[in-house]
Amino acid sequence: MVDADATAEILIEARGLVKRFETAQSRITILDGADLRLAPGETLAVVGASGIGKSTLLHILGTLDRPDAGRLRIAGRGVEGLRSEALARLRNEKIGFVFQFHHLLPEFDALENAMMPCLIHGMARPRAAAAAEEILTRVGLGHRLRHRVVDLSGGEQQRVALARALVMNPPLLLADEPTGNLDKRNSQQVHELLAQLNADLKMAMVVVTHNPELAALMARRATLVDGRLTPTE
Ligand SMILES: Nc1ncnc2c1ncn2[C@@H]1O[C@H](COP(=O)(O)OP(=O)(O)OP(=O)(O)O)[C@@H](O)[C@H]1O
Ligand SMILES: [Mg+2]
């Protein structure tokens, strides 16, 4: 069990998550009773071998996939009972998600991609654009606002994806290898930004990473092994 301070208010709580996949030949159990609890502003790094289930876990925590068993509460609400519209709103307002493979809209430019969550939320276009420009500038892309995603480098695309996850200032950031494609300088810039958002906005974070510096920046670390999260140092 990876546990928050017992006295604190809880932002996200997962209990006994189980996830199985059926393939043509077999049935595999990827998550097998994974538990996790984070208070607002708490940060956790998740590590584990390739193929162990880190992305699967993050997708379930982000309500992008459903577990076969177990419970998930976010911001005081059990997600199992939510209809798809309420779930989409919860995701839009509470969760910023950085995918391992960025899932940007390739034909749209950096600004349009980063402002998408604001538009979905119903924000007026000028305000959404201003918010997107500000966060893109913070990830070092102020000079690439009007570049289409297909014309950006891999590291630039990753930073657009990070900007899209952060543009609504969500209380919870779920990030899957957010610096996997970045060089040292840009990784450091992202690390500083995450530390600052955590300090300024009390943004909680679950970050899957093999980057030791990023893992060290999180308050706690856990390893995913045998379908469960185990605290590590
Ligand atoms: N939809 C699916 N159907 C069948 N198997 C799947 C499916 N999604 C994931 N898996 C399998 O589940 C396992 C865990 O996948 P996951 O992507 O969560 O691993 P990971 O820990 O994120 O790995 P990496 O570090 O390489 O990104 C893998 O063996 C993968 O092949
Ligand atoms: Mg993965």
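The values are calculated or read from the model by the stated rules, or taken from the named source; none is laboratory data. In this text, all values refer to a predicted model and were calculated from it rather than measured experimentally. A quick note on method: Cβ atoms are made from the backbone with ideal geometry, for glycine too, and the neighbour counts reach across all protein chains shown. Heavy atoms of the whole protein, side chains included, go into the accessibility calculation; ligands, DNA and RNA do not. Shrake-Rupley method; radii C 1.70, N 1.55, O 1.52, S 1.80 Å.
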Worksheet entry | Carbon/sulfur fraction of accessible area - the chain, other protein chains in place, 1.4 Å, % | 50
Practice prompt. Please work out the Cα convex hull volume for the range 9-146 and give it in Å³ per residue.
Written response: 157
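If exposed means no more than 11 neighbouring beta carbons inside 10 Å and the site is in a DSSP loop, what's the longest run of the chain without any exposed trypsin sites (Lys or Arg not before Pro)? Walk me through the numbers on the way to the answer.
Numbers: sites that count: 83, 146.
Result, exposed sites excluded: 147-233.
With contacts defined as alpha carbon pairs under 8 Å and 6 or more residues apart, what's the relative contact order of the range 120-233 in percent? Show your work: numbers first, answer last.
On the way: 101 pairs, mean separation 23.3, N = 114.
Relative CO of the range 120-233 lands at 20 percent.
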Worksheet item: Under 16 Å from the Cα of residue 94, which lysines turn up, not counting those fewer than eight places away in the same chain?
Response: 202
Worksheet item: How many nm is it between the label spots at residue 120 and residue 18, if each spot is 7 Å from the Cα in line with the beta carbon?
Response: 3.0
Discussion item. P(r) for the range 152-191, please, calculated from all Cα pair distances in 10 Å bins and given in %.
Written reply: 30, 57, 14
Fill in: Euclidean distance of C-alpha centroids, the range 74-147 and the range 12-42, integer Å
25
Worksheet, complete the sentence: At 25 °C in a medium of viscosity 0.890 mPa s, the chain has a Stokes-Einstein diffusion coefficient, with Rh taken as the Kirkwood radius over alpha carbon pairs, in µm² per second, of 136
Item to complete: Report the normalised scattering of the range 173-218 as log10 I(q)/I(0) at q = 0.19, 0.30, 0.32 Å⁻¹, calculated by the Debye formula with identical scatterers on the alpha carbons.
Response: -0.52, -1.26, -1.37
Fill in: Backbone HN-Hα couplings from phi across the range 15-26 [Karplus 6.51/-1.76/1.60, Hz, Gly and Pro as x]
10, x, 5, 10, 9, 10, 10, 9, 10, 4, 8, 8
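Taking the Cα centre of the range 64-213 as origin and charging only Cβ (+1 Lys, Arg; -1 Asp, Glu), how large is the dipole, in debye to the nearest 20? Could you put the intermediate results ahead of the total?
Working: 19 positive and 18 negative charges, 94 e Å.
The calculation lands at about 460 debye.
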Discussion item. Positive end of the dipole of the range 111-186, charges at C-beta (+1 Lys, Arg; -1 Asp, Glu), about the Cα centre: which of 154, 179, 137 has its Cα farthest in that direction?
Written reply: 137
Fill in: Under the Karplus curve 6.51 cos²θ - 1.76 cosθ + 1.60, θ = phi - 60°, whole-Hz ³J(HN,Hα) for the range 132-138, x wherever Gly or Pro sits
5, 4, 4, 6, 5, 5, 5
Discussion item. Please compute, over every Cα-Cα pair in the range 126-233, the percentage with a separation greater than 17 angstrom.
Written reply: 55
Fill in: Probe 1.4 Å, protein heavy atoms only - accessible area per residue of the chain in square angstrom
48
